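Novice: Just passing along the structure, written as structure tokens.
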């Protein structure tokens with residue numbers, strides 16, 4: 001069985017998206033709700049890869065929108081396990097914005113999401129078997 005540090009390292013998850021007009025508001029920037037949806041999705045994938053169990057989002061902690069994300073950019077979401085409890089794990093997510101035609105890259109959004117592992121009866125179970 002792999003140790004917990006290896007499981008954490010191997011579960012880091014990255015997702016890339018282009019910011020198109022159908023995902024932006026009337027200011028031409030990515031909707032905050034769309035950013036949150038993408039963050040929840042990538043953190044869910046990370047928690048699932050870490051535990052290889054059914055997991056559900058139970059909370060999102062402070063999400064900081066440091067900079068708006070304009071239409072026509074590329075975003076990379078990076079999710080990694082921050083901490084592990086008996087039945088839960090916390091996943092940190094950072095969104096990096098890149099201009100399409102330059103190498104400029106900035107961290108623009110960060111937050112964390114907590115997941116609980118559940119069984120078929122939707123009851124909490126140990127997040128990992130070590």
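Novice: Of everything in region 1-11 that's out of contact with any helix residue (DSSP H, G or I) (no Cβ under 9 Å at 6 or more places or on another chain) and in a loop (DSSP other than H, G, I, E, B), which residue is modelled with the highest pLDDT?
Specialist: 3
Novice: If I filter region 84-104 down to residues being within 16 Å of residue 67 (Cβ to Cβ) and under 18 Å from the mean Cα position of the chain (by Cα), which single residue comes out as surrounded by the fewest Cβ atoms within 10 Å (Cβ to Cβ)?
Specialist: Among residues in region 84-104 that are within 16 Å of residue 67 (Cβ to Cβ) and under 18 Å from the mean Cα position of the chain (by Cα), the one surrounded by the fewest Cβ atoms within 10 Å (Cβ to Cβ) is 98.
Novice: Also, quick follow-up: Give all pairs with beta carbons closer than 6 Å in which a residue from region 101-124 that is over 12 Å from residue 53 (Cβ atoms) meets a residue that is assigned to a loop (DSSP other than H, G, I, E, B) and at pLDDT below 95; count only pairs at least 6 apart in sequence or on separate chains.
Specialist: Taking only residues 6 or more apart or on different chains, the pairs are 112/61.
Novice: Another question about this same structure. Residues that are surrounded by fewer than 15 Cβ atoms within 10 Å (Cβ to Cβ) and at pLDDT 95 or above: does region 109-120 have at least one?
Specialist: Yes, the conditions are met somewhere in region 109-120.
Novice: Related question: Given the options 70, 126, name the one that is surrounded by fewer than 16 Cβ atoms within 10 Å (Cβ to Cβ) and under 17 Å from residue 8 (Cβ atoms).
Specialist: Values: 70 fails: under 17 Å from residue 8 (Cβ atoms).
Going through 70, 126 in turn, just one is surrounded by fewer than 16 Cβ atoms within 10 Å (Cβ to Cβ) and under 17 Å from residue 8 (Cβ atoms): 126.
Novice: If a residue must be assigned to a helix (DSSP H, G or I) and either exposed (fewer than 13 other Cβ atoms within 10 Å of the Cβ) or under 9 Å from the mean Cα position of the chain (by Cα) (or both), how many such residues does region 12-31 contain? Let's see the steps before the verdict.
Specialist: At the first step, the residues of region 12-31 found to be assigned to a helix (DSSP H, G or I) are 21-23.
Keeping just the survivors that are either exposed (fewer than 13 other Cβ atoms within 10 Å of the Cβ) or under 9 Å from the mean Cα position of the chain (by Cα) (or both) gives 21-22.
The total comes to 2.
Novice: Based on what the data block shows, is residue 34 within 11 Å of the chain's Cα centre (by Cα) and modelled with pLDDT of 95 or more? Walk me through how you get there before you give the answer.
Specialist: On the way: within 11 Å of the chain's Cα centre (by Cα): no; modelled with pLDDT of 95 or more: yes.
Spelling it out, it is not the case that residue 34 is within 11 Å of the chain's Cα centre (by Cα) and modelled with pLDDT of 95 or more.
Novice: Please name all residue pairs, on different chains or six or more residues apart, with Cβ atoms under 6 Å, provided the first residue is in region 43-72 and is at negative phi and modelled with pLDDT of 95 or more and the second residue is assigned to a loop (DSSP other than H, G, I, E, B) and surrounded by 16 or more Cβ atoms within 10 Å (Cβ to Cβ).
Specialist: Correct list of pairs: 51/127; 51/128; 69/19; 71/19.
Novice: Given the condition closer than 20 Å to residue 103 by Cα and in a strand (DSSP E or B), answer yes or no: does some residue in region 55-71 qualify?
Specialist: Of the residues in region 55-71, the ones closer than 20 Å to residue 103 by Cα are 66-71.
Then keep just the ones that are in a strand (DSSP E or B); that gives 70.
Within region 55-71 (the criterion being closer than 20 Å to residue 103 by Cα and in a strand (DSSP E or B)), the answer is yes, since at least one residue qualifies.
The values are calculated or read from the model by the stated rules, or taken from the named source; none is laboratory data. Quick caveat, the model's predicted, so the values are computed rather than measured. Ideal geometry is used to build each Cβ from the backbone, glycine not excepted, and the neighbour counts take in all protein chains shown.
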